[in-house]
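The values are calculated or read from the model by the stated rules, or taken from the named source; none is laboratory data. Being a predicted model, the structure only gives us computed values, none of them experimental. Glycine gets a Cβ as well: all are built from the backbone with ideal geometry, and neighbour counts include every protein chain shown. Just the protein is used for accessible areas: all its heavy atoms, side chains included, with ligands, DNA and RNA removed. Shrake-Rupley method; radii C 1.70, N 1.55, O 1.52, S 1.80 Å.
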Amino acid sequence: MSKTKKRSAPVPQMSKQEKRRAEQEQQKQKTRILIVSTVAIVVIIFVALFMLASKDSSSTTADPVNFNYSEMPRLGNEDAPVKLVEFGDYKCPACAQFAGGIKPQIVQKYIEEGKAALYFVNMAFIGPDSETASLAALSVYHQSNDEFWKFYDAIYKNQGAEDVEWATADYLVELAQKEKLAIDYDLLRKDIENRTYAEELSRDIQLANDSKVTTTPSLFINGVMTAEPFNFEAISAQIDEVAQAVKAE
């Protein structure tokens, strides 16, 4: 008996229009894959660059700045194990917020307990009267370290607008008188007008540049800049960590 051969079903043929649609769909799929791949590569590159920048940043802050603390106004015990250095501009609104918000917490928890001392460095850059205010503060400091900190608080508490030249000699002398600072007011005016401490101010500004300070306020804890000068919990944690390290030495 002969076997009957099965006939295969005819393969349906696509029309030219269907072929064109199929080709277009394939092209769209390839384009989507290319776009997704490109985006993924770009994301990977950005992540790599960010990690590299973070690594570079951490490496620069790993080496503490060796400050000459004896040249700076000091609030607290000279022998305190933790030394905080603030870089500020008396015309800086953020510095006024730091002085009124963060500094009192540092004073209460650490300075009054003898655990830390706060130092100040002038970074006068906002306007001409930034320098005037700094020269006035330096004059007060050289007359009395204790009165300096009263003047520091008074300037920030009575800070004028950032875009107005308010820190004049008259204003600053009157402010010192209003606060009843135990200093020579005539000497204060003379020091401001004669720019007696201009060289010292230039030294402070150079120290800011050397310490890679680009914004105010900037806060250093035992020579290492803190990343969050407005986060007291972070500052507190860093102070405690540094204190433990000093104690273990």
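If you go through the range 179-194, how many residues are touching a Ser or Thr at 6+ places or on another chain (Cβ under 7 Å) and without any contact (Cβ under 8 Å) to a residue 40 or more places away in the chain?
Count: 1.
For the range 179-196, which residues satisfy the criterion of being closer than 24 Å to P93 by Cα and of a type outside the set (A, V, I, L, M, F, W, C)?
Quick first cut of the range 179-196, residues closer than 24 Å to P93 by Cα only: 179, 181, 192.
Matches in the range 179-196: E179 only.
Only one of these conditions is not met by L181: (1) surrounded by 15 or more Cβ atoms within 10 Å (Cβ to Cβ); (2) touching a helix residue (DSSP H, G or I) at 6+ places or on another chain (Cβ under 9 Å); (3) not in a loop (DSSP other than H, G, I, E, B). Which number is it?
Result: L181 passes all but (3).
Confirm whether A208 is in contact with a Ser or Thr (Cβ under 9 Å, 6 or more places away or on another chain), hydrophobic (A, V, I, L, M, F, W, C) and open to solvent by 70 Å² or more (accessible area, probe 1.4 Å). Spell out how you get there, then give the answer.
Numbers: in contact with a Ser or Thr (Cβ under 9 Å, 6 or more places away or on another chain): yes; hydrophobic (A, V, I, L, M, F, W, C): yes; open to solvent by 70 Å² or more (accessible area, probe 1.4 Å): no.
When the stated conditions are applied, A208 does not pass them.
Among the residues of the range 226-249, how many are open to solvent by 20 Å² or more (accessible area, probe 1.4 Å) and in contact with a Leu (Cβ under 7 Å, 6 or more places away or on another chain)? Steps first, answer last, please.
Residues of the range 226-249 that are open to solvent by 20 Å² or more (accessible area, probe 1.4 Å), as a first pass: 227-234, 237-238, 240-249.
Restricting the remaining residues to those that are in contact with a Leu (Cβ under 7 Å, 6 or more places away or on another chain) gives 229.
Qualifying residue count, the range 226-249: 1.
This table checks each residue for (1) more than 16 Å from C95 (Cβ to Cβ); (2) open to solvent by 30 Å² or more (accessible area, probe 1.4 Å); (3) among the hydroxyl-bearing types (S, T, Y).
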| residue | (1), (2), (3) |
| --- | --- |
| A154 | no, no, no |
| Q177 | yes, yes, no |
| E199 | yes, yes, no |
| S202 | yes, yes, yes |
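Among the candidates A176, A117, A208, single out the residue that is aliphatic (A, V, I, L, M), touching a helix residue (DSSP H, G or I) at 6+ places or on another chain (Cβ under 7 Å) and part of a helix (DSSP H, G or I). Spell out how you get there, then give the answer.
Working: A117 fails: part of a helix (DSSP H, G or I); A208 fails: touching a helix residue (DSSP H, G or I) at 6+ places or on another chain (Cβ under 7 Å).
When all the criteria are applied, what remains is A176.
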